[in-house]
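In what follows, a single structure is set out as structure tokens and then discussed.
Every read-out reported here was derived from the displayed coordinates using simple, explicitly stated rules and does not represent laboratory data. Bear in mind the structure is a predicted one, so any value in this text is a computation, not a measurement. Positions of Cβ are generated from backbone atoms using ideal geometry, with glycine treated the same way; all protein chains shown enter the neighbour counts.
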Amino acid sequence: MTSYALRRTLGAIPRVLLVSLLLFLLLQLPAGGPADVFAADPNASPDAIRRIEELWGLNRPVHEQYLTWLGNMLRGDWGFSFGERRPARVVVLERLGNTLWLTGGALLVGLVAGVALGVATAATRRRSVKAALQLLSVLGMSVPTFWSGTLVLLYFGVRLGLIPSGGMGTIGQAFSLPDLLHHLAAPAIVLGSVYVAQWSRFVHAGLEEAMREDYVRTARAKGRHRGALLMRHAFPNAAIPLATVLGLELPRLVAGAMVTEVVFAWPGLGRLLTESLLGRDYPVVMAALMLLVLLVITANLLTDLAYGLLDPRVRYG
Amino acid sequence: MLESIHHLALRRLLPVVIAALVLGSAGAQSRVTVLSPQEPATLLPHLDLLTLTHEVQQLIFDCLFVVGEDGDYLPNLAAEVPTVANGGVSADGTTYTIRLRDDVSWHDGERLDAADVVYTWRLITDPDLPVPARGVWDKIEAIETPDPYTVVVRFADTNVAFLGTASSDSCFVVPEHALAGRELVEDPFNRAPIGTGAFRFEEWQSGAFIRLSANPAYFGGAPAFDELVVRFAGSQAARTSLQRGEAELALHIGFADLRFAQGLEAYSVEQAPDHAWWQFWINNEGPILADRAVRRALTHGLDKRLITETVFGGVADPLDAILPPSHWAHADDVRAYPYDPEAAASLLEEAGWTDADGDGVREKDGQRLSLEILNIAGQADRRQVVQIAQDLWRDVGIETVIREIDGASFPPTMSSGEYQLAYGWFGENQEPVFGLWLGTNWQNFADEAALDLLRGVSSTVEREARAEAIRAFQRTVAEEAAMLPLSTRPLLNVVSDRLDGYRPSLSGSLYNAHEWTVR
Amino acid sequence: MRLRTLTRDPLAVAGILVLAVLIVASLAAPWIAPYDPARTSPRTMLQPPSAEHLLGTDDLGRDVLSRLLHAGRVSLGLALAVAASSVAIGALAGGAAGLIGGRLDRTVSAVVDTLLAIPPLALAMVASAFVALDLGRLTLILALVSWPGVARLTRAQVLSLREREFVEAARAAGAGWLRLLLRHLLPNALAPLAVAGTLLVATAILVESALSYLGFGLPPPTASWGGMLNEAQLWFQEAPWLAVFPGLAITLAVASVNVVGDALRSAVSGRGGQEG
């Protein structure tokens, strides 16, 4: 297992480097590179320009610029945020935790509700209920989160006052878990709802298939109750592929969190990316992007490792 | 028997009750919440042009003078207002002798003294610092400090604008002991300032709020409440907060929110005194906009009245000059460009801009008549105005592309010259310093002769002569269509009925927050 | 492919019908839209649905129905173009990688893996922020974001198919890799590709709307469902209807595409199951 884990972890490193290269090249798109915008500003202090030059290595060939930037990143110097007058690293890391809260909450909601819905769909024998649940799940997958989120926020928050009108906590109040959860509930549910639909379908399909297995049919023939069979035999076998699907969905969850964060004014990484792009704060854009990517790759890695744990066959593949 | 038990109980309970009441009231934090549609980029004064930044800084810093609600100057950090009569101003108007109060402390305990004023002057006039508006500070020849609480300001020439500059816009005095010798643009002071003001900085959560606590040692009297929080909230979030009664004041609301705010029962909409107006900046250096015909066509092609009547709900008035009528130097006889799409079209035709390919957009020498409009994102009325303008200009064959950025990026983008048209508002001091033309000059106006008219203003003693110079300048600008004024911009604040003592002036909306009480 | 199964499922039929209506309405927008979607009329702004304006007017007095139809043109047309180009690029790249193997495979796989690690919306956003967007460039950006998934799928398909007899036969007959790919391998992988393509349409609609909602979409006055939702937020108190219709349109479009894709998938797996 350890060699498998090691191989996988080491294998992730070149991916990270390649992504960083791609992102760096992407940011060369504005004419002359983003740093030039600052250098051209007659009001920028010589010191600020010097800092940008140090970070990006202006006027040097692109590959040198990339290596300079990479070296700085590895040393912890992620640049200076001009929008917030603070080191970019500080700005970005502050928001990382917030995104993790939101993504985690959505994952939980999606998992719990998705599994429950999937089991319910499989357990019921009434075709009309099955059909209705299937329609519901298709709609759930298709509703854009910025629409459902906006409607939820505007109706339950603004009109009814049941949920906070955005943000992560009540202002000035010291951090308290109930307050956080109160603010987390709506965005987590909205974000998780997309996955409820998908995962319930997945669980449902998996369960249906497991139920058709010979050993299950034998047990049924022996008179065992359908529901009990469902939970004790079918479910555990459907759990493994569910874990893989979850892992594959994580990148989309992180991406989906971006929009939800904007709708609910949740101070996370995704919203930071949006704001720093609008504000042309390039050091923060790069740092936020790299962190997002690291998040995705880590999630994939963890899924791989978990899968390796669950299914021994994979380790020797 | 019963009586004595009662007495006993009372004697035991009373101290407890009193203690509870005392502790309880000491523990209860009274707080005032102010909503702001934009977030400052920094709290270090003089580096940011946004008026909302200035409003927040009023709470933390002080100026030498303030403007009272009746428009007269009042002493603040200075012990009295220098005039020719009391000898504070020399007869020839070149020297101001200012006596500072000796009881002012910075939030870290150090005393304010003349060295701080000198340092502030040096900071504002430092050529290496990106200070967008220097007021008349850069006309000062020297500042002497004969004793720690006296400042003698010497101008090269007569100067009548100093009191104006020192009481609003670029007036905040900054601590020498905390800033001298530091790299200012990146210093942590930007995010954690130390001032002399009625409120101390406590916390700044990006994207959310700035929290301040009352300064009990404030020379103007301690505030009546413990905390002041400035929350950043766009249109929608501000409305929600007001509906829930979660704020005592909402600064600079947009017109989109006017009707909504007027409908609130617990609040009233108040206009703050200001000389402000909405305008389209024109980058006169741009390849297309260097042509006066195009600039005039743009002006003729804009239906200002349509915009003021619909988007601004009739609260603002169309404007032809680049100073609003509220200002004493406003010129009401500048060249007007009434809405006339045909005139605009013929101007363009004559200048060679024709629509050869019939796609609705004019060309000349292979170049499309396409301009980019820079706009600040997040407020409905800004978006509405820009899109209406886009539609109107489309009708005369001018194509425009809208680019939205956030408020804090607006000044640096403008000063980098990377724009063609930009929409926003500007305000002028009672004693105008023309930062728009002599300071930032984002519009790249190059008529030196006209600019000289402005340069002489602050040294002209005669008010009527000053007014005439300024009016002549306005006429030139209108003639050249170097700027496109749209309308007046009433500064609207929403004030809770429970807030007493709110008295905005030209110094700002929050400068007397220490005198507020909340019922 | 069993069309019969398709027509028996009421959900699939409904999906196809809804999608057809949306596509036809959007295509016909220039003719059936009652007003010019870009024409502002500030004096008649924020009017609720009425006989004159079936879905009301927005904050610039523009007719919502007309905007919705034209926006559909943009969103649906864009999504179809993105799906088509992503499938084309992805199938070619992934197929070649799977067929030729070796260094090409390693390179393509590395690129695909790299791109898949970046959340598509983030990538699209950053790319959009730096270029002056028009329809063509936006299509390109969205295709850039979508092709890796198709490439990975095609590669897997080709890997499983390339040891088959018909491939050996064609190779023996002297067919080059391109010919092999285009005439023999891809047609056999057509079914899963079609399903993937259909789902890609749904994703493209969602990503483009999200981009517009966040402010990185096509510049005004071009209408887009996501952009309309962005504008609607500021007026929820005065004009709640503005927030309802664009979102509804997106949901209907995406749902119908998903349903059709589902039906396709189940019709396909009926046959595909035999080949494993």
> Any idea what angle helix C:241-275 forms with the longest principal axis of chain C, computed on alpha-carbon atoms, 0 to 90 degrees, nearest 10?
Replying inline: 20
>> Need the full-extension length gain, B:Asp157 to B:Asp108, defined as separation in residues times 0.36 nm minus the C-alpha distance. One decimal, nm.
In response: 13.9 nm
>> Under the rule of at least 5 residues apart or a separate chain, name every residue whose amide H is placed under 5 Å from the amide H of B:Tyr267.
In response: B:Asp497
> Taking the highest mean first, how do the peptides B:318-328, B:282-292, A:260-270 order by number of other beta carbon atoms within 10 angstrom per residue?
Replying inline: A:260-270, B:318-328, B:282-292
> Relative to the longest principal Cα axis of chain C, at what angle does helix C:102-117 sit, 0 to 90 degrees, rounded to 10?
Replying inline: 30
>> With both bridge residues required to lie in the protein assembly as shown, what share of the DSSP beta bridges run antiparallel, to the nearest 5%?
In response: 75
>> Restricting to bridges with both residues inside chain B, how much of the DSSP beta-bridge set is antiparallel, in percent to the nearest 5?
In response: 75
>> Using the basic label-point model (7 angstrom from Cα toward the beta carbon), what is the C:Val21 to C:Leu178 distance in nanometres?
In response: 4.6
>> Helix check for chain B. Which DSSP H runs span at least 18 Å along their own axis by Cα, with a mean Kyte-Doolittle hydropathy no less than 0.5?
In response: B:2-27
> For the protein assembly as shown, what size does the Cα cloud have along each of its three principal axes, sorted from largest down, in whole Å?
Replying inline: 109, 108, 64
> A:Val112 to B:Asp317: FRET efficiency via 1/(1 + (r/R0)^6), r the Cβ-Cβ distance, R0 56 Å, to the nearest 0.05?
Replying inline: 0.40
> Whose amide H sits under 5 Å from the amide H of B:Thr33, counting only residues 5 or more places off or on another chain, with H placed in the peptide plane?
Replying inline: B:Val229, B:Glu248, B:Leu249
>> Out of the trypsin sites (Lys or Arg not before Pro) in the stretch B:101-182, which ones are loop residues according to DSSP with at most 12 other C-beta atoms within 10 Å?
In response: B:Arg182
>> Just to confirm the filter: which trypsin sites (Lys or Arg not before Pro) across the stretch A:74-108 are DSSP coil and have at most 11 other Cβ within 10 angstrom of their Cβ?
In response: A:Arg75
>> Using a 7 Å offset from the Cα along the Cα-to-Cβ direction at both B:Asn441 and B:Thr354, what is the distance between the two label points in nm, to one decimal?
In response: 3.8
> Suppose R0 equals 30 Å; then what is the FRET efficiency for A:Ala120 and C:Ser266 from their Cβ-Cβ distance, rounded to the nearest 0.05?
Replying inline: 0.90
>> Please list 3J(HN,Hα) in residue order for the stretch C:129-137, calculated via the Karplus relation 6.51 cos²θ - 1.76 cosθ + 1.60 where θ = phi - 60°; whole Hz, with x for glycine and proline.
In response: 5, 9, 10, 6, 6, 9, 4, x, 5
> Near the amide H of A:Arg86, under 5 Å away, which other amide H atoms are found, from residues 5 or more places off or on another chain, if H is placed in the peptide plane?
Replying inline: A:Ser81
> When only DSSP loop residues count, what GluC sites (Glu not before Pro) in the stretch C:145-190 have their Cβ near at most 12 other Cβ atoms within 10 Å?
Replying inline: C:Glu163
> What list of ³J(HN,Hα) couplings, whole Hz, do you get for the stretch B:418-428 from phi and the Karplus terms 6.51, -1.76, 1.60, once you set θ to phi - 60° and write x for glycine and proline?
Replying inline: 8, 7, 10, 10, 9, 10, x, 10, 9, x, 10
> What does the convex hull of the Cα atoms of chain C come to per residue, in Å³, rounded to a whole number?
Replying inline: 145
>> So the label point goes 7 Å from the Cα of B:Arg475 along Cα→C-beta, right? Which residues of the stretch B:298-336 then have their backbone N under 17 Å from it?
In response: B:320-323, B:329-336
> What FRET efficiency do you get for C:Ala14 and A:Tyr155 if R0 is 41 Å and r is their Cβ-Cβ distance, rounded to the nearest 0.05?
Replying inline: 0.90
> In whole Å, what are the Cα extents of chain B along the three principal axes, biggest one first?
Replying inline: 109, 58, 40
> Can you pull the three principal axis extents for the Cα set of the stretch B:199-301, in Å, largest first?
Replying inline: 59, 35, 28
>> Modelling each spin label as a point 7 Å along the Cα-to-Cβ direction, I'd like the A:Leu294/B:Ala79 distance in nm, to one decimal.
In response: 5.8
